Amino acid sequence: MRTPTEPGAIDLMATVQSLPGQQGEERADLELTRLEQYVLLHEVGSGGMGVVYAAYDETLDRKVAIKLLHEEEGAQPRLHREAQAMARLSHPNVVPVFETGQTEGRAYIVMEFVDGQTLGRWLRAATRSRAAILAVFRGAAEGLIAAHEQGLVHRDFKPDNVMVRGDGRAMVMDFGVARAGASGGCGGSSVALDALIESGELSNQLTCNSDITALTKTGTILGTPAYMAPEQFRGNGSEDALADQFSFCVALWEALFGCRPFAGDSLLTLEQAILDRAYSTPSAHDVPTWLRRVLERGLAPTPDERWPSMRALLDALDDDPTRRRR
């Protein structure tokens, strides 16, 4: 490890102080202070699966991000699957993974530290133009296309699983529930929503859409219901890349219209709204008809009705008829 006075060395205190929102904060709130050669600096986010920390790699003298999963049986194999899935990808719109490990029964994954914010935070931080939104989502789409070309399906695409760098580049992350192809090997088991509700593992009655958004139960329901394609609700493992297309269109619709395309006060009513094509749109919006129709095709309840691929969807998003008439 270099000392802070050596050329190119990282001063740990300066690193902590320079990170957004961390001035003057102590690291005493961390349950752990290090994992192997990684010094944990501060928490940068948390979710249903675990907590993400900014960290310093003493061996390679670099800043990294570490996702530490909550204590859960079978977490290490799942995290190893994520590392394997992402190791197959080398693309500017995908966050690289470096390694996985385990400490005191908790699995963790080490990935590139992205200097930016999640797509969800980026959208909330300021009023974004339609052109800016489409540009960022195009980058995310390229990341999904790269995964699909490797035979991988993300299965949990949503704004919180995309990072937006300071220069505007979108990078897809969190392939923890990814699987190879439509039926192969690296995903956990899925159980249909009604079976989980019946067993008491999930409540049918949810008080608001934020609850539906936040729900991810790996090993049972794989994905986040508010963004999930209807074939994922059935839990038979039949989903393919077209399920990612559906989730992408939900997220883009939400970014453009300010609300998600389907509403429901429970998991079952949400699924029914999707099947009924009961789209939710605010009365005042500036989304052109052609763009809405592109998204509606990607949101079709049956995969065969959607765009044949993410690339076809991306081409349709680029085919603005108003530009053709100029």
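What the table below lists for this structure:
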item: Flag for Gln150 being under 14 Å from the mean Cα position of the chain (by Cα) and in contact (Cβ under 8 Å) with a residue 12 or more places away in the chain; result: no
item: Qualifying residues in region 236-280 (those that are of a type in the set (Val, Ile, Thr) and touching a Pro at 6+ places or on another chain (Cβ under 8 Å)) - the one surrounded by the fewest Cβ atoms within 10 Å (Cβ to Cβ); result: Ile274
item: Residue in region 289-297 that is part of a loop (DSSP other than H, G, I, E, B), over 13 Å from Ala226 (Cα atoms) and not basic (Lys, Arg) present; result: no
item: Positions within region 43-56 being under 16 Å from Val110 (Cβ atoms) and either part of a strand (DSSP E or B) or over 21 Å from the mean Cα position of the chain (by Cα) (or both), in sequence order; result: Glu43, Val44, Gly45, Gly50, Val51, Val52, Tyr53, Ala54, Ala55, Tyr56
item: Test: residue in region 172-188 that is under 17 Å from the mean Cα position of the chain (by Cα), in a loop (DSSP other than H, G, I, E, B), at pLDDT 85 or above and within 14 Å of Val153 (Cα to Cα); result: yes
item: Residues being modelled with pLDDT of 90 or more and either farther than 19 Å from Ala54 by Cβ or part of a helix (DSSP H, G or I) (or both) - total across region 73-129; result: 15
item: Subset of region 281-301 that is surrounded by 14 or more Cβ atoms within 10 Å (Cβ to Cβ) and of a type in the set (Gly, Ala, Ser) - its residue that is nearest to the chain's Cα centre (by Cα); result: Gly298
item: Matching residues in region 22-44 - criterion: being of a type outside the set (A, V, I, L, M), surrounded by 16 or more Cβ atoms within 10 Å (Cβ to Cβ) and modelled with pLDDT of 75 or more; result: Tyr38, His42, Glu43
item: Of all residues making up region 229-256, the number that are over 16 Å from Glu305 (Cα atoms) and either modelled with pLDDT of 95 or more or among the aliphatic types (A, V, I, L, M) (or both); result: 6
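Rundown of residues vs (1) in contact with a Phe, Trp or Tyr (Cβ under 8 Å, 6 or more places away or on another chain); (2) among the charged types (D, E, K, R); (3) free of Cβ contacts under 8 Å to residues at least 24 places away in the same chain, yes/no style:
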site: Asp240; (1), (2), (3): no, yes, no
site: Gln245; (1), (2), (3): yes, no, no
site: Glu254; (1), (2), (3): no, yes, no
site: Gly258; (1), (2), (3): no, no, no
site: Asp265; (1), (2), (3): no, yes, no
site: Arg311; (1), (2), (3): no, yes, no
site: Ala316; (1), (2), (3): yes, no, yes
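The values are calculated or read from the model by the stated rules, or taken from the named source; none is laboratory data. In this text, all values refer to a predicted model and were calculated from it rather than measured experimentally. Glycine gets a Cβ as well: all are built from the backbone with ideal geometry, and neighbour counts include every protein chain shown.
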